[in-house]
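Participant: This is the structure, below, for whatever I ask next.
The values are calculated or read from the model by the stated rules, or taken from the named source; none is laboratory data. Predicted, not measured: the structure shown is a model, and the values here were computed from it. No Cβ is skipped: glycine too gets one built from the backbone with ideal geometry, and neighbour counts run over all protein chains shown.
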Amino acid sequence: MNAPNLSTHWNRQVPTLWAFSTVCALALALAVAVRAAAQAAGPPTAMFKTGFNLCKLAKLPAVEKAAGATLSTAKFDGKFCNWSSSDDAYTVMVTAHPSAWTAMLDLLGGQKGEKISNVTVPGASRGVLDTFPYAKTHRYASDLYAVYPQGVVQVSFNYAKSFPPAQMIAVMRLLTGT
C-alpha cells in the first residue's frame, strides 16, 4: 500500500487557502471602510434643516435602552425632540444647531458651578459636556454637544438620579448614526 503524497495534496490546497484568506481580508477591509465613511459623514443632513422632526431619528425602545430609562413617546415642538418619563423623573432632549454654533461652545460654562469638559464622541470632531450643579438645579442635568461637518448636535439629560456620560454618548450615537 502506498502512502498518500501529502506534499501534492498540500500544494493543491495552498492556492485555495490563499484565495479564501484574501477574500476574507478584503471583505473585512471593506466593512471597516464603510463604517469609517459613515462615521466621517456624520449625522443625516436633514437633521439640520428647520422643521425636521428629530423624533423620527430613532424608535422609542432604542432611545430607552441608550438612555437607561423608561420614557414616553417623543414630542417634537418644531425645534426640540423630548422624551420624558411619565413621572418626569427622566427627560432626554435633542436638537441640532448650524455649523456657526460651534463658536458658542467656547462660551459655555458661564453659570457658577458648571463643569465643562471635553469628551470623545465617535464620529464627531469635538465633544463638549456641560454639567450643571445639582445644588442649583436639584436634578442631575448635563448637555452634550457634538460637532459634525453639518453642524452641532445637542443631547440634554435631566434626571432625578445620576448618570454616566457614556449614556449621553450612546444616545448621541444612536440619534446621529455614528
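Participant: Suppose we keep only residues that are in contact with a strand residue (DSSP E or B) (Cβ under 7 Å, 6 or more places away or on another chain) and hydroxyl-bearing (Ser, Thr, Tyr) within region 80-100. Which one would you say is farthest from Pro61 (Cα to Cα)?
Facilitator: Ser99
Participant: Residues of region 75-94 being out of contact with any Leu (no Cβ under 7 Å at 6 or more places or on another chain) and either modelled with pLDDT of 95 or more or on the phi < 0 side of the Ramachandran plot (or both), which ones?
Facilitator: Lys75, Asp77, Lys79, Phe80, Asn82, Ser86, Asp87, Ala89, Thr91, Met93
Participant: Moving to a separate point now. Just checking, how many residues over region 90-101 are small (Gly, Ala, Ser) and in a strand (DSSP E or B)?
Facilitator: Adding up the residues that qualify gives 1.
Participant: Can you name the residue in region 66-79 that is out of contact with any strand residue (DSSP E or B) (no Cβ under 6 Å at 6 or more places or on another chain) and touching a residue at least 40 places away in the same chain (Cβ under 8 Å) and is also nearest to Thr176 (Cα to Cα) among such residues?
Facilitator: Here the answer is Ala66.
Participant: Which condition from (1) free of Cβ contacts under 8 Å to residues at least 12 places away in the same chain; (2) among the small types (Gly, Ala, Ser); (3) over 18 Å from Gly68 (Cα atoms) is the one that Gly113 breaks?
Facilitator: The single condition Gly113 does not satisfy is (1).
Participant: Can you tell me which condition Pro164 does not meet? The list is (1) of a type outside the set (S, T, N, Q); (2) free of Cβ contacts under 8 Å to residues at least 24 places away in the same chain; (3) in contact with a Phe, Trp or Tyr (Cβ under 7 Å, 6 or more places away or on another chain), and all the others hold.
Facilitator: Looking at each condition in turn, Pro164 falls short on (3).
Participant: Any chance you could count how many residues in region 69-84 are assigned to a loop (DSSP other than H, G, I, E, B) and buried (at least 18 other Cβ atoms within 10 Å of the Cβ)?
Facilitator: Residues that pass the stated criteria total 3.
Residues checked against (1) more than 19 Å from Pro98 (Cα to Cα); (2) free of Cβ contacts under 8 Å to residues at least 40 places away in the same chain; (3) small (Gly, Ala, Ser):
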| residue | (1), (2), (3) |
| --- | --- |
| Val128 | no, yes, no |
| Ala141 | yes, yes, yes |
| Leu144 | no, yes, no |
| Gly151 | no, no, yes |
| Asn158 | yes, no, no |
| Val171 | yes, no, no |
| Leu174 | yes, no, no |
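Participant: In this structure, is Asp87 outside any helix (DSSP H, G or I), over 18 Å from the mean Cα position of the chain (by Cα) and assigned by TED's automatic domain parsing to the domain that holds Ser142?
Facilitator: In short, yes.
Participant: Given the criteria of a type outside the set (Gly, Ala, Ser), surrounded by 15 or more Cβ atoms within 10 Å (Cβ to Cβ) and closer than 16 Å to Lys161 by Cα, does Phe132 qualify?
Facilitator: Yes; evaluated as a whole, the condition is true for this residue.
Participant: Residue under question is Pro133, and the condition is that it be modelled with pLDDT under 95 and under 20 Å from Asn53 (Cα atoms); does it hold?
Facilitator: No.
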